[in-house]
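The values are calculated or read from the model by the stated rules, or taken from the named source; none is laboratory data. The structure displayed is predicted, hence computed values, not measured ones. Neighbour counts run over all protein chains shown; Cβ positions are idealised from the backbone, glycine included. Surface accessibility is based on the protein's heavy atoms, side chains included, excluding ligands, DNA and RNA. Shrake-Rupley method; radii C 1.70, N 1.55, O 1.52, S 1.80 Å.
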Amino acid sequence: DRFQNKYRIPSARAPFWNYGWNGAYFVTICTHKHECYFGNVINHKMELSEIGKIANWCWSQIPNQFPYATLNEYIVMPNHLHGIVIIDKPTGAEDVTHVGNTGNCTISPEPGGITGHHNPMLGGNLGRIIRWFKGRTTFESRKINRHFQWQTRYYDHIIRNNRSFRSIARYIGKNPEKWE
């Protein structure tokens, strides 16, 4: 009621798709103002800076953090990252919210704060994976450069068939050759 949706930014996600569904997703994540924090392309090969190594390591850790996610082709470029994330949950798997006591903190049976079960951090979806990656990379990178930051959003494309998958994987692999 207060702002009457005046300041609400429309979602860039496909409204017909649940990003927690099994599928392959082509993701591009850019740094703020396209700053080249991650290194340089030299002779058509990406040479990672220390922050680039952090981004590369954090991306590689996605399957350890999210057992339902696997990675395919990816590349860290000077100011962005391209990657294919595959969500593959067992058939019939439900998102699990843990309820109980964890040390000194009791988790509420109504998780998600004011958003309840609609809190995007509770779902096993692409948004949660990207939020974790960006947050972890930012935390570690700011130990080196306190000004590091990401562009606020990210680009995704739902990969719908094998031909598209192969084309995107090829594009990612050849990205350093096309860097100018």
* To do: Could you please find all residues in the stretch 18-42 being in contact with a Pro (Cβ under 9 Å, 6 or more places away or on another chain) and among the polar types (S, T, N, Q)?
  => Thr31, Asn40
* **Residue in the stretch 38-82 that is surrounded by the fewest Cβ atoms within 10 Å (Cβ to Cβ), counting only those that are within 15 Å of the chain's Cα centre (by Cα) and among the small types (Gly, Ala, Ser)** => Ser60
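Which of the residues belonging to the stretch 50-72 are hydroxyl-bearing (Ser, Thr, Tyr) and either in a helix (DSSP H, G or I) or within 21 Å of Gly173 (Cβ to Cβ) (or both)? Please lay out each step first, then the result.
Restricting attention to the stretch 50-72, the residues satisfying the condition of being hydroxyl-bearing (Ser, Thr, Tyr) are 60, 68, 70.
If the condition is that a residue be hydroxyl-bearing (Ser, Thr, Tyr) and either in a helix (DSSP H, G or I) or within 21 Å of Gly173 (Cβ to Cβ) (or both), then Ser60, Thr70 are the ones that fit.
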* Asked: Is there any pair linking a residue in the stretch 157-180 that is closer than 17 Å to Ile87 by Cα to one that is assigned to a helix (DSSP H, G or I), with Cβ under 6 Å and at least six apart or on different chains, and which?
  -> Ile159/Phe165
* Report, by residue number, each residue of the stretch 155-172 that is outside any strand (DSSP E or B), open to solvent by 40 Å² or more (accessible area, probe 1.4 Å) and not polar (S, T, N, Q). => Arg160, Arg163, Phe165, Arg166, Arg170, Tyr171
